[in-house]
Amino acid sequence: MKKLLIGILFLSVITACSSDDTLNNNPNLLDVNVNFQIDLSLPQYNSLNFPSSPVYVPNYGNAGIVIMKNGADSFVAFDAADPNHPRKNECVAMELNGIHIFCGCEGNTYDLFTGGVVEGDEENLRYPLFRYRVVQNGNGLLNVRN
């Protein structure tokens, strides 16, 4: 009886730890290293001192990175490439539209608070926006990395 109980416990632990590799290994995005710092006192980042005012930072990630303050001391950062279609030269970065980001090629729209899909062909939208970690270093500095 004891062996059966241990076997059931082991089996439940193995099956409960399902993999989310399909979300992490997005075939539409390149695996790029991101690690940079921004200073909120600089004019180009001033809107990040206020909630719901996203800023596009080019030259990082797959198609630039969108950073937004979403609370008192909380920030989010997402890759500006649409995670649900292959990269195309004519359509790499999505466009900001308030608290949403929009793909002009596919018509997909994503929420910048959660990274989830707001609008698009839901049957073909498998991936949310790719999220980066944002850490406040004090003195108005943010470190964005993966």
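Rule-based calculations on the coordinates, nothing more; no lab input. All of these numbers come straight from a predicted model, not from anything done at the bench. All Cβ positions, even for glycine, are placed from backbone atoms using ideal geometry, and neighbour counts span all protein chains on display.
Highest mean first, the peptides 34-45, 94-105 sorted by other C-beta atoms within 10 Å per residue fall in the order 94-105, 34-45. All distinct Cα pairs of region 68-146 go into the 1/r average, and the inverse of that average, the Kirkwood radius, is 13.4 Å.
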